[in-house]
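As structure tokens, the structure follows; a few thoughts come after it.
Every read-out reported here was derived from the displayed coordinates using simple, explicitly stated rules and does not represent laboratory data. For clarity, every value in this text was computed on a predicted model and none was experimentally measured. For neighbour counting, all protein chains shown are included, and Cβ atoms are generated from backbone atoms with ideal geometry for every residue, glycine included.
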């Protein structure tokens, strides 16, 4: 029998490596930082090239009590959900979050309309309450984000946060703030690889370093078109490994918010008696959404339910094992 | 596409004058302009104005001058192995060197491949042998095969080899470009990993009126056939833009509205 040909791929380039958070020695107040990216092969293909940094889990917290979250999630978090600082602490101390993703939903005009000053104060309070790095995410109302995010950026100056989002149509304000205050950026593009690349070009044109950008190509839940972000991320990753520097940015995905929008996660046992126990079903759905996104090359997973976080972390442990491959 | 800028050549007035006056400024300026235009490597050619006995020294001077402003690969362009060796030695391991070039006679292949292997250089192999320029696809392929075999003989990986099917001026032989396209497609299948395929593009339009137009149309056609390197003038912006666009149309790079800018910014 003839010898099988070696089918290993050789890649000439790697994903940019990015560190979020700054230690005291680097002008921040974090006691730990998170480094993502750096992979020189497709996800978990350890035999083809090194993946120096494991994917990380950011736990999602809001600056206000989320009104419509599933009770399965809110019960797991408990009373801490009423206070962003308590919630953040619990995510770090009890649930082991690598970093905190603060979503400023309370600043949305239709959703509390909190002022930029209030938002900046929340950022300060959370930086004081926890010592892991911070992702700061606006309310996705462009006009309001352009008022709020610069104040939050200033409040977190020197902490090397990851701030988002910038889009093709709205990027200049946040790019300028992040440049001035030393943060990294999340570039958002709606399931469109061409726009993802365009956002990166636009921010780099303003002098923003491409190795301080993370791509968010929007996510989808398992069963709700997750194939689209999967194939877009995969295409972007192969382009990056092939040498396209405009696509060589690490990727972030909103796993929890997508998974917990589905009826499969939210429906009670009373509503859907055939679907099994509601307290575990949604956790499985969040886990099942995270797995394909990990396979597609997601570097930062933003998650909600602590049990799903534990399951995904263990899964990443297994995927990162390199012995015997 | 791997673009080897052709403009550091003693045949051009600015470089020729620089050589005569031992003035590095025009060499530096041309190196920088070509890199800004999107060159991945720079060809170094002393030209024919320099007396034969001085060409080794001039090659050394040109390589040293160019190395002062770039760490990109240099293509050491001369048919004489001694002059090529002088150029490689002048690069002194500071930059990758590409031997430009060997022809397909066995004794030349053996000597040049050994030089490539000894110095860690890549090498361009022309589809020319003792019978002159191979005019059919079969004849070009035969020389290509011989070139790859000679490379492997000295332990040089085929992906360090650039096969050049030789483009002739279109106003001399109008059937030749099509034969080159056929050859390009077949060269790719000669080995695994495949060799690179390069053309000296400007030769195609030698003596023609619409030089830039002819060059850019052929470049995109050859890219579709599998060409992955070209020696040409990166200061020809339309040519470069056509090449960058062909990369998108061939799905080698991801489209974005600013794809031309993205290509240039990535350099």
**Report entry** Whole-angstrom Cα spans of region A:17-319 along principal axes, big to small
**Finding:** 56, 47, 36
**Report entry** residue B:249-residue A:46 FRET efficiency (beta carbon distance; Förster radius 25 Å; 0.05 resolution)
**Finding:** 0.10
Query raised in the report: Across peptide A:192-204, how many C-beta atoms of other chains are within 10 Å of each residue C-beta, on average?
Result: 4
Query raised in the report: Given a Förster radius of 56 Å and the C-beta distance between residue B:171 and residue A:211 as r, what FRET efficiency does 1/(1 + (r/R0)^6) yield to the nearest 0.05?
Result: 0.70
**Report entry** Label-point separation, residue B:13 to residue A:79 (7 Å along Cα→Cβ), nm
**Finding:** 8.8
Report summary line: Reduced to Cα centres, the span from region A:1-20 to region A:108-132 in Å works out to 42
Query raised in the report: Can you give the helix-only mean residue ellipticity at 222 nm for chain B, where every DSSP H stretch with n ≥ 4 adds -39500 (n - 2.57) and the sum goes over all residues, rounded to the nearest 500 deg cm²/dmol?
Result: -14500 deg cm²/dmol
Query raised in the report: What distance in nm separates the simple spin-label points at residue A:128 and residue A:269, each placed 7 Å from Cα in the Cβ direction?
Result: 4.4
**Report entry** Whole-Å distance, taken between Cα centres, linking region A:168-206 and region B:153-177
**Finding:** 43
**Report entry** Cα→Cβ-extended label distance, 7 Å offset, between residue A:13 and residue A:110, nm
**Finding:** 3.9
**Report entry** R0 of 51 Å, Cβ-Cβ distance residue B:221-residue A:26: FRET efficiency to nearest 0.05
**Finding:** 0.45
Requested in this report: Could you check what % of the DSSP bridge pairs in the protein assembly as shown are antiparallel, to the nearest 5?
Outcome: 10
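Where does each of A:253, A:160 land when they are ranked from fewest to most other beta-carbon atoms within 10 angstrom? Walk me through the numbers before you get to the answer.
On the way: A:253 30, A:160 26.
With the sparsest Cβ surroundings first, the list reads A:160, A:253.
Over all distinct alpha-carbon pairs, what is the Kirkwood Rh of the protein assembly as shown in angstrom? Mind showing how you got there, number by number?
On the way: mean 1/r = 0.0370 Å⁻¹.
The Cα-based Kirkwood calculation yields 27.0 Å.
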Query raised in the report: Taking region B:28-182 as the region of interest, what is the percent of Cα-Cα pairs per 10 angstrom bin, listed from the shortest bin to the one with the maximum distance?
Result: 11, 36, 35, 17, 0
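What does the highest-first list of A:104-116, B:1-13 look like by mean Cβ count within 10 Å? Please list the in-between numbers first.
Values: A:104-116: 17.8, B:1-13: 20.4.
Listed from highest to lowest mean packing, they are B:1-13, A:104-116.
Students often check this: by mean Cβ neighbours within 10 Å, which of B:49-57, A:168-176 ranks highest, and how do the rest follow? Mind showing how you got there, number by number?
Details: B:49-57: 13.8, A:168-176: 17.2.
Per-residue mean Cβ counts within 10 Å order the peptides as A:168-176, B:49-57.
Express in nm, to one decimal, how much length is gained between residue B:257 and residue B:185 on full extension, taking 0.36 nm for each residue of separation and deducting their alpha carbon distance.
Working: separation 72, 0.36 × 72 = 25.92 nm, distance 3.04 nm.
Contour length minus the Cα-Cα distance gives 22.9 nm.
Given region A:111-230, what whole percent of its Cα pairs are spread farther than 17 Å? Don't jump to the answer; show the numbers that get you there.
Working: 4001 of 7140 pairs.
Everything past 17 Å amounts to 56 percent.
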**Report entry** Most fluctuating residue given options B:256, B:242, B:122, as computed from a GNM of chain B linking Cα atoms under 10 Å
**Finding:** B:256
Report summary line: chain A, Gaussian network, Cα under 10 Å: of A:247, A:163, A:206, the residue fluctuating most is A:206
Query - Between region A:42-80 and region A:261-308, the alpha-carbon center distance in angstrom - result: 12
Query raised in the report: Average partner chain C-beta neighbours within 10 Å, per residue of B:248-255?
Result: 4
Report summary line: Rg from C-alpha atoms of chain B, normalised by the globular rule of thumb 2.2 N^0.38 Å, equals 0.96
Report summary line: chain B, Gaussian network, Cα under 10 Å: of B:253, B:245, B:97, the residue fluctuating most is B:253
